[in-house]
Amino acid sequence: MNDRLPNVMLVDDNPADIELTREAFAETGLVAEFITMNDCANALDYLTSCGSGTGARKPDFILLDLNMPRMDGRQLLARIKGDERLRMIPTVILTTSARREDIHQCYELLANSYLVKPAQWDQFLVMIRDVKRYWFEASSLP
C-alpha cells in the first residue's frame, strides 16, 4: 500500500483562484502536497526538471488554467502530452472559458478533462469533490 500523499500541481496566474482551489480540496478532505505555479513557463521548467536530480517530485495530477501570460495553458498542455515522461500525468483544465473552441482544442491536445470554474463557492466545492472522487478515490492515484 502506498502511504505517500498525492502531489498536486496547480497552475494558475490568479493567486486567489489557487487559494480557493487549495481550500476546496482541504474542505473535501483531500490531504495533498501542492505545487503552485503562477506561470506556465515556470511550470514547464519544474516538470522537465523532475527526476533529474533536482529534488523536484513529479506531480500525480495537474490542474491547469488556460489564459495566462508568456505561455498559455494550451501550450503547456501540448508540451506535457508531447513528452513521454509527462504524458501520463492526468491533466485537467480548470478555467473560466466555456468557449467550444477552447474545449475542442484542449481535448485535441489530450486533456484528461475540461472543467469550467463556476462563479459560486458551493458549486465550485461540488466540482472539486467530484474531481477528488474521480481522480483520487476511484483511480490509482496516491
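Arrange 50, 40 by Cβ neighbour counts within 10 Å, fewest through most, would you?
50, 40
Under the rule of -39500 (n - 2.57) per DSSP H run of 4 or more residues, summed and divided by the residues of the chain, what mean residue ellipticity at 222 nm is obtained, to the nearest 500 deg cm²/dmol?
The helix-only estimate for the chain comes to -11000 deg cm²/dmol at 222 nm.
Assuming 0.36 nm per residue, please report the length gained on full extension of the stretch residue 4 to residue 27 beyond their Cα-Cα distance.
6.3 nm
If I take every Cα pair under 8 Å that is 6 or more residues apart in the chain, average their sequence separation and divide by the length, what percent do I get for the relative contact order?
Value for the chain: 25 percent.
Using alpha-carbon positions, what is the distance between the centroids of the range 45-87 and the range 14-31, in Å?
20 Å
First check a/c for the range 86-134, with a ≥ b ≥ c the square roots of the eigenvalues of its C-alpha gyration tensor; if it is under 1.5, answer rounded, and if not, answer prolate when a/b is larger than b/c or oblate otherwise.
The shape class here is oblate.
Among 52, 139, 97, rank each residue by its count of other Cβ atoms within 10 Å, from fewest to most, as a rough exposure measure.
Final ranking by Cβ density, sparse to dense: 52, 139, 97.
Report, as a whole number in µm² per second, the diffusion coefficient that Stokes-Einstein gives for the chain at 20 °C and 1.002 mPa s using the Kirkwood radius over alpha carbon pairs.
Answer from the Stokes-Einstein relation: 140 µm²/s.
Where does each of 18, 80 land when they are ranked from fewest to most other beta-carbon atoms within 10 angstrom?
The order, fewest Cβ neighbours first, is 18, 80.
Quick note: the coordinates plus some simple rules give every number you see, no bench work behind them. Computed from a prediction, not measured in an experiment: that's the story for all the values here. Every residue, glycine among them, receives a Cβ derived from its backbone with ideal geometry; neighbour counts consider all protein chains shown.
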